[in-house]
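Worksheet: the structure to be examined is printed underneath.
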Amino acid sequence: MAGTVVTADQDALVSEIFIAAPPERVFQALIDPQQVCQWWTSKQCPIESFALDARLGGRWSYDTSRGALTVNGVSKFHCEGEVLEFDPPRRLAYSWLANWHDQPSRRTVVRWELFQSAKARG
């Protein structure tokens with residue numbers, strides 16, 4: 001069942017989506033800079049760089065060129081963080097600090113859990 005739920009305390013968004021690819025391929029698309037730059041960019045928010053030290057405790061960062069999108073007065077976006085969970089190809093979690101957030105020092109956690117759906121297994 002695909003969809004998004006906001007937790008009762010409004011502290012988390014939980015989204016479930018179906019991607020017609022095996023977890024191994026999706027995991028690579030999450031950690032490979034070339035692939036991230038391909039799927040995570042847009043004309044409004046063009047990626048300039050993405051780097052990820054793909055290991056527990058590794059650092060990651062993301063920067064854009066100045067684009068058409070402006071959030072909280074920022075149009076050249078930067079975010080960074082630390083890899084908190086790394087269990088290829090099933091789980092990836094990282095902290096997220098973003099310069100466009102209304103509180104730039106506020107840490108968010110992004111967590112990906114990948115699994116092969118029963119539908120895909122046949």
Per-region count, region 57-70, residues of a type in the set (Gly, Ala, Ser), surrounded by 14 or more Cβ atoms within 10 Å (Cβ to Cβ), touching a residue at least 24 places away in the same chain (Cβ under 8 Å) and touching a strand residue (DSSP E or B) at 6+ places or on another chain (Cβ under 8 Å): 1
Residue pairs meeting the criteria (Cβ under 9 Å; at least 6 apart or on separate chains; first aromatic (Phe, Trp, Tyr), in region 31-48; second part of a strand (DSSP E or B)): TRP40/ILE47; TRP40/PHE50; TRP40/TYR62
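Name the residue that is farthest from LYS76 (Cα to Cα), counting only residues in region 1-49 that are among the small types (Gly, Ala, Ser) and under 13 Å from the mean Cα position of the chain (by Cα).
Checked region 1-49; the qualifying residue farthest from LYS76 (Cα to Cα) is SER15.
Which one of ARG25, ARG59 is more than 21 Å from GLU113 (Cβ to Cβ) and at pLDDT 95 or above?
Sole residue among the options that is more than 21 Å from GLU113 (Cβ to Cβ) and at pLDDT 95 or above: ARG59.
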Members of region 71-110 found to be more than 30 Å from ARG25 (Cβ to Cβ) and either surrounded by fewer than 13 Cβ atoms within 10 Å (Cβ to Cβ) or touching a residue at least 40 places away in the same chain (Cβ under 8 Å) (or both), listed by number: ASN72, GLY73, ASP102, GLN103, SER105, ARG106
GLN44 vs. criteria farther than 19 Å from ARG107 by Cβ and either in contact with a Cys (Cβ under 6 Å, 6 or more places away or on another chain) or surrounded by 11 or more Cβ atoms within 10 Å (Cβ to Cβ) (or both): yes
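The values are calculated or read from the model by the stated rules, or taken from the named source; none is laboratory data. From a predicted model like this one, the values you see are computed outputs, not experimental measurements. Neighbour counts run over all protein chains shown; Cβ positions are idealised from the backbone, glycine included.
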